[in-house]
Structures are given as C-alpha cells and as structure tokens.
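Colleague: Dropping the structure in here first, questions after.
The values are calculated or read from the model by the stated rules, or taken from the named source; none is laboratory data. All figures in this text were calculated on a predicted structure; none of them were measured in a lab. Neighbour counts run over all protein chains shown; Cβ positions are idealised from the backbone, glycine included. Quick note on the areas: whole protein, heavy atoms, side chains included, nothing else; ligands and nucleic acids left out. Shrake-Rupley method; radii C 1.70, N 1.55, O 1.52, S 1.80 Å.
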Amino acid sequence: MKPHTTPLIVGNWKMNPKNTEEAVRLTKEIKKRLGKVHEGAVVIAPPFLYTNEVSLVLQSGTKIQLGAQTMHHEVLGAKTGSVSGKMLQGSGVTYVIVGHSERRKEGESDETIEKQVAAGLRLGMTVVLCVGEQSRDTHGQYLSLIERQLRSALRGVSKAKLGNLVIAYEPIWAIGAGATPTSAEIHEMKLFIEKALTDMYGRNYAQKVSLLYGGSVTSKNAYELYHGGTIHGFLVGGASLDASEFCGIIQKVNTP
Ligand code: PGA
C-alpha cells in the first residue's frame, strides 16, 4: 500500500441535510474551517439534489472535492429516477461511492455494482468501493464474504485503472452504531484486502489502491483507528454532517 503521506477523508452525507440552504451552509463552514490549504484529500458527497449548489461553493479557494453517493452506469436513457456518472461529472463530481451497504439494501446487486465500478473508472472518476460484513463469526466466514464482494465488483477492472480505485471497508454492524472494530482488527482487514488484491493483480498494482475504514468514525476515535489501523483514511457518515467534528477527524489523520 502507499505510504501514509496523503490521507483521504470522504464525507458521506447520505440523505442529509434537510434543504439546499443547509447544504450550502455546511459546505461553507467546512471550507472555512479547513482554510485554503490542508493536508491530504477531502471529499464531500451530498445528495444529488444539492450537487450543483455545493459545487459552486467549492469552485474557488479550496481543495475539497465533490463526490456522489451512487450513480447509474449508463450515460443516458430510459432509467427513471437515475442519475448517470457522466451527468455528475458535468456538475463537478470527481469521486463516486459505489456499493455502500445502504444502497445494497435498496437493491443494488453485485452485478449492478460491478457495472458502476467499471463505468466510474471508465469516466476517469475515483471510485470508492464499499465492502463489509453484516456480522462477524468465529470461523472467519466474513473474510470470504469480503473477498467475494471484492472479486465480484472488480471483475471488469484492469490493472491500469487501479490508481483510481479506493476500497472502503465498512462493517455494517459498525455503521451508525457507535461501535467500531479495534484498530488491530482494522489493520488485519487491511492486510486481508491487500492480499486479495495482490492475488488478483500482483503486488505492484495492488499497492496503488487506497484503503479506507468507515463506520462510527468520530474526532475522538480517528487518531487511534487511523494510525493503529495503518489505513489511508476514512469514509465518514454521521460525523461529516458536523463541520467541527468532520474537520476534527481531518486534523487527527494529519497529526503524526
Ligand atoms: P457512520 O456511517 O459514520 O454514520 O457510521 C458511515 C457510512 O455509512 O459511510
């Protein structure tokens, strides 16, 4: 894996906040707190509806990038209720989260996720692929599940595209739960994912993929989970809706 010189923090706003004004206010607040220069990469992923307004706020004076929470793999067409990656790009989106457990729960299948990953990478976006188990068992079955999720989502991905791929390990039992794995468990999972990618692509290419952890990350546990887990950053849900918490997390990963 890459050295930990460029941490990546992605804020997943989910179906929040309640209106455009609030979304703009939150974006401005994060921008103000981070200032013009901050270490590493920061991404915020608002609901589709707020993308354009948030994009306007991010147009100048910040390195914060814009993300989306999912996308359709096709470009245009009879897909009621869908938004394509191409459309998102037109609004300034450079990162897309794919395969989040809450999208899988809404019916996005392994096959859909595979297509989304391929389409996002084809468009030149950075794809944040989420994997994670519902619960842990003592026989290590959850590890096979993670490997299956990876192999299925990356079926169509060539070595050449791996530099734009980020894997977010998000155990479902930790999301919004106030509970997290220990930093040692996160480190173990990092090694496991690294090994699976090495088996698929070889060591040199596997090292191009960044690995995030997501699930109940706060400014309080960020330092320990990041440094103890030796990961590249976080996918943050709830805490990304509070500018001071979110910036607190960013500060923690940039503290040696
Ligand atoms: P959480 O969500 O930080 O609120 O647990 C993480 C996520 O679902 O990406």
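Colleague: From the set of residues in the stretch 107-124 that are among the polar types (S, T, N, Q) and not in a loop (DSSP other than H, G, I, E, B), which is least open to solvent (accessible area, probe 1.4 Å)? First the steps, then the outcome.
Modeller: Of all residues in the stretch 107-124, those among the polar types (S, T, N, Q) come to 109, 112, 116.
Still in the list and also not in a loop (DSSP other than H, G, I, E, B): 112, 116.
Values: Thr112: 44, Gln116: 5 Å².
So, considering only residues that are among the polar types (S, T, N, Q) and not in a loop (DSSP other than H, G, I, E, B), the one least open to solvent (accessible area, probe 1.4 Å) is Gln116.
Colleague: Can you confirm whether Ala184 is within 14 Å of the ligand (Cβ to nearest atom) and either in contact with a Pro (Cβ under 7 Å, 6 or more places away or on another chain) or closer than 23 Å to Pro256 by Cβ (or both)?
Modeller: Values: within 14 Å of the ligand (Cβ to nearest atom): no; either in contact with a Pro (Cβ under 7 Å, 6 or more places away or on another chain) or closer than 23 Å to Pro256 by Cβ (or both): yes.
No, not satisfied.
Colleague: Moving on to the next point. Determine, yes or no, whether His139 is open to solvent by 10 Å² or more (accessible area, probe 1.4 Å), closer than 30 Å to Glu22 by Cα and not β-branched (Val, Ile, Thr). Can you show your working first?
Modeller: Details: open to solvent by 10 Å² or more (accessible area, probe 1.4 Å): yes; closer than 30 Å to Glu22 by Cα: no; not β-branched (Val, Ile, Thr): yes.
Criteria not met by His139.
Colleague: So, one more: Could you list all residues from the stretch 223-256 that are within 11 Å of the ligand (Cβ to nearest atom) and under 16 Å from the mean Cα position of the chain (by Cα)?
Modeller: Phe234, Leu235, Val236, Gly237, Gly238, Ala239, Ser240, Leu241, Phe246, Ile249, listed by residue number.
Colleague: Separate question: Between a first residue in the stretch 190-211 that is over 22 Å from Pro7 (Cβ atoms) and crowded, with 16+ Cβ neighbours inside 10 Å and a second residue that is modelled with pLDDT of 95 or more and of a type outside the set (Phe, Trp, Tyr), which pairs have beta carbons less than 6 Å apart while being 6 or more apart in sequence or on different chains?
Modeller: Ala196/Glu147; Ala196/Leu150; Tyr201/Lys159
Colleague: For the stretch 72-83, state whether one or more residues are within 22 Å of Leu241 (Cα to Cα) and out of contact with any Cys (no Cβ under 7 Å at 6 or more places or on another chain).
Modeller: Applying the first criterion (within 22 Å of Leu241 (Cα to Cα)) to the stretch 72-83 yields none.
No.
Colleague: Sort through Leu56, Leu66, Leu76, Leu34 and tell me the only one that's within 19 Å of the chain's Cα centre (by Cα) and among the hydrophobic types (A, V, I, L, M, F, W, C). Outline the logic, then answer.
Modeller: Numbers: Leu56 fails: within 19 Å of the chain's Cα centre (by Cα); Leu76 fails: within 19 Å of the chain's Cα centre (by Cα); Leu34 fails: within 19 Å of the chain's Cα centre (by Cα).
The conditions single out Leu66.
Colleague: Among the listed residues Gly132, Gly178, identify the single one that is within 13 Å of the ligand (Cβ to nearest atom) and touching a Pro at 6+ places or on another chain (Cβ under 6 Å). Lay out the reasoning, then the answer.
Modeller: Working: Gly178 fails: touching a Pro at 6+ places or on another chain (Cβ under 6 Å).
When all the criteria are applied, what remains is Gly132.
Colleague: So Gly163 clears everything in (1) away from the ligand (no atom under 16 Å from the Cβ); (2) surrounded by 17 or more Cβ atoms within 10 Å (Cβ to Cβ) except one condition, right? Which one?
Modeller: Against the list (1) away from the ligand (no atom under 16 Å from the Cβ); (2) surrounded by 17 or more Cβ atoms within 10 Å (Cβ to Cβ), Gly163 comes up short only on (2).
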